[in-house]
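These notes are about the structure you will find just below.
The values are calculated or read from the model by the stated rules, or taken from the named source; none is laboratory data. Please read all numbers here as calculations on a predicted model, not as lab measurements. Note: ideal-geometry Cβ built from the backbone for every residue, glycine included; neighbour counts use all protein chains shown.
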Amino acid sequence: MDRKAILNELKKVLAPYTEDKTILEGINEQTDLIKDLKINSANLVDIIIDAESQYNIEIDFDAAEKMYNVGNCIDVIAEKMNRTA
Amino acid sequence: MKSTGNDIVALNAIDIRRTKSSRFYSKFLNVAEQALYQQTQADIPFEKFVWLLWSVKEAAYKYYKRHDAGLMFSPIKFVVQQVNFPAGHALTPFTGIYWDSEHNTENYITGSIVYGSEQLYFRAKLHPELITTVVSQDEQFENVYWGFQLVEHTDHEHQSREAIAFSLIKLSSVLGIADLNIAKSEIGYPVVLDGGTPLDVALSFAHHERFVGYSFAL
């Protein structure tokens, strides 16, 4: 799965926790989950659990620490997917 | 280092079943923290205990973030050491519109949290509807003020506006200055201004669903 495909799948993971669906549709690798998408930090663990299910990977919190913007999320997901491939 | 940090969790928004699964809470609570639930003999449901500890971690993160712009929230690195429930603690519904720490004689849930070699103390209020938490380096919370308010809407702009307005009422009253303003620092934390001059006050905001809150330290 390339970065663009991961990004498209990531939108589905983020959708339940994002108030403004227009901003979500236009996200790029620089988009910040909390500042730009206004995702409440209380949902960060939900996002990690949902991403684990979506991509069939396991994300420990050391990796999760990096998931503050979309590009970093894709980095972590791509790395974990490569490890399980 | 003057700082403050607070947090709010609206408990009607949490997924109880997911919270109770070890896959969820073990992402941010270590084994010792999980054991605190039995040790403290907390007379509250486990899912509320999990979110209480999350809330303490988030408040502590905000406290340190103020002086470390690059700090990322890694909840597992913030370790709750101790949780004390007051004798006879009971979950009573929050029936008002707002609450603040003016009458600071309440029996809060208290405890401590460490981050690396640093330690903070926390105070928390727990109702069936919400958890709200504040942290301080001072166990007595001298010159620390905090409060929360129920607002009409859940959109981010409304929450921010209401949190600012709510905090300004208290700040003006405590500082005795009528025309205060709040701006954002370059790294994003709120700054209290008196006619454009930044005051030596640490301020923090939190919001979740229909609850907004502040804490400030003088």
Sole residue being without any contact (Cβ under 8 Å) to a residue 40 or more places away in the chain, within 20 Å of B:Glu58 (Cβ to Cβ) and basic (Lys, Arg), chosen from A:Lys35, A:Lys4: A:Lys35
Looking only at segment A:66-85, count every residue that is over 12 Å from the mean Cα position of the chain (by Cα) and within 13 Å of chain B (Cβ to nearest Cβ) and tell me the total. 0
Among (1) touching a residue at least 24 places away in the same chain (Cβ under 8 Å); (2) assigned to a loop (DSSP other than H, G, I, E, B); (3) of a type outside the set (Asp, Glu); (4) touching a strand residue (DSSP E or B) at 6+ places or on another chain (Cβ under 9 Å) - the single one B:Val174 does not satisfy: (2)
As an exercise: evaluate B:Val83 against (1) out of contact with any helix residue (DSSP H, G or I) (no Cβ under 6 Å at 6 or more places or on another chain); (2) more than 13 Å from chain A (Cβ to nearest Cβ) and give the number of the one condition it does not meet. (1)
For segment A:15-49, name all the residues that are under 17 Å from B:Trp54 (Cβ atoms) and part of a helix (DSSP H, G or I). A:Tyr17, A:Ser41, A:Ala42, A:Asn43, A:Leu44, A:Val45, A:Asp46, A:Ile47, A:Ile48, A:Ile49
Hey, A:Lys35 hits all of (1) out of contact with any strand residue (DSSP E or B) (no Cβ under 6 Å at 6 or more places or on another chain); (2) surrounded by fewer than 18 Cβ atoms within 10 Å (Cβ to Cβ); (3) more than 10 Å from chain B (Cβ to nearest Cβ) but one; which does it fall short on? (3)
Residue that is nearest to the other protein chains (Cβ to nearest Cβ), among those in segment A:50-64 that are part of a loop (DSSP other than H, G, I, E, B) and surrounded by fewer than 18 Cβ atoms within 10 Å (Cβ to Cβ): A:Asp60
Any idea how many residues of segment B:12-56 are farther than 24 Å from A:Ser53 by Cβ and within 10 Å of another protein chain (Cβ to nearest Cβ)? 1
Selection from segment B:159-218 of residues modelled with pLDDT of 95 or more, of a type in the set (Gly, Ala, Ser) and more than 17 Å from the chain's Cα centre (by Cα) yields B:Ala165, B:Ser172, B:Ser173, B:Gly176, B:Ala183
Matching residues, segment B:57-80, being surrounded by fewer than 21 Cβ atoms within 10 Å (Cβ to Cβ), more than 11 Å from chain A (Cβ to nearest Cβ) and charged (D, E, K, R): B:Lys65, B:Asp68
Can you tell me which residue is surrounded by the most Cβ atoms within 10 Å (Cβ to Cβ) among those in segment B:8-49 that are of a type in the set (Gly, Ala, Ser) and under 24 Å from B:Ser74 (Cβ atoms)? B:Ala10
